[in-house]
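Down below is the structure, laid out as structure tokens.
The values are calculated or read from the model by the stated rules, or taken from the named source; none is laboratory data. As the structure is a computational prediction, the values presented were derived from the model and not from experiment. No Cβ is skipped: glycine too gets one built from the backbone with ideal geometry, and neighbour counts run over all protein chains shown. Just the protein is used for accessible areas: all its heavy atoms, side chains included, with ligands, DNA and RNA removed. Shrake-Rupley method; radii C 1.70, N 1.55, O 1.52, S 1.80 Å.
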Amino acid sequence: VQLNGLVSLARAWTMVGAEKLTDESVIEALEQGDLYSSCGPEIHSVAWAGQNIHVKCSRCVRVQVLTQTRAVAITEGDALTEAVLDMTNWIKKSENDENAYLRVIVTDAQGYYAVTRAYFKDELEEI
């Protein structure tokens with residue numbers, strides 16, 4: 001990416017859900033997997049809502065759920081800040097697969113994205 005002739009490097013962050021800005025709290029959040037990577041968008045929450053994944057995020061144009069094999073659910077819009085994605089088919093297909101996982105990708109209007117870590121089915125809380 002170039003801005004006024006300068007190359008912009010390192011436009012990515014690891015977002016950590018630490019309760020406090022202390023070494024101990026950050027390390028604890030990292031060890032618990034309370035993190036995601038981002039080039040700009042924010043992911044506020046990801047949770048089960050029945051057989052759906054419910055995502056809250058900063059303003060974006062696309063929310064998708066990827067599994068170990070492919071994208072299984074996508075929602076697009078002009079100014080999404082939350083999305084509910086139907087996971088019924090994936091749940092049925094993966095019910096006997098203890099290694100089945102998913103991750104969420106949120107993309108903003110500039111093409112920047114945020115990606116969660118991989119979650120096993122039972123790791124996300126129910127709302």
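Given a 1.4 angstrom probe, what's the average accessible area per residue across the chain, in square angstrom? Display every interim value, and only then the final one.
Details: 8230 Å² over 127 residues.
On a per-residue basis, 65 Å².
Each of [x] 1.74; [y] 1.14; [z] 0.99 is a candidate for Cα Rg over 2.2 N^0.38 Å; the one calculated from this structure is [y].
Within the chain, which is the longest segment that contains none of the trypsin sites (Lys or Arg not before Pro) sitting in a DSSP loop with at most 12 other Cβ atoms within 10 Å? The reported range is 71-127. Any chance you could count the Lys pairs in the chain whose alpha carbons are under 24 Å apart, treating pairs 8 or more apart or on different chains as valid? For the chain, the number of qualifying lysine pairs is 4. With helices as the sole contributors, the chain gives -3000 deg cm²/dmol at 222 nm; each DSSP H run of n ≥ 4 counts as -39500 (n - 2.57), and the sum is divided by every residue. For the chain, carbon and sulfur atoms together expose 48% of the accessible surface, with a 1.4 angstrom probe and every protein chain in place. In order along the range 13-25, the Karplus-derived 3J(HN,Hα) couplings, from 6.51 cos²θ - 1.76 cosθ + 1.60 at θ = phi - 60°, round to 9, 9, 8, 10, x, 6, 6, 9, 8, 10, 4, 4, 5 Hz, and Gly and Pro are given as x.
Taking amide H as placed 1.01 Å from N in the peptide plane, the amide H of Ala73 sits under 5 Å from that of Val65, each at least 5 places away or on another chain. Among the GluC sites (Glu not before Pro) found in the range 81-127, those both in a DSSP coil and sparsely packed, with 13 or fewer other Cβ atoms within 10 Å of their Cβ, are Glu95, Glu98, Glu125.
Under 15 Å from a point placed 7 Å out from the Cα of Cys39 along the Cα-to-Cβ direction: which residues of the range 95-127 have their backbone N that close? The answer is 105-116.
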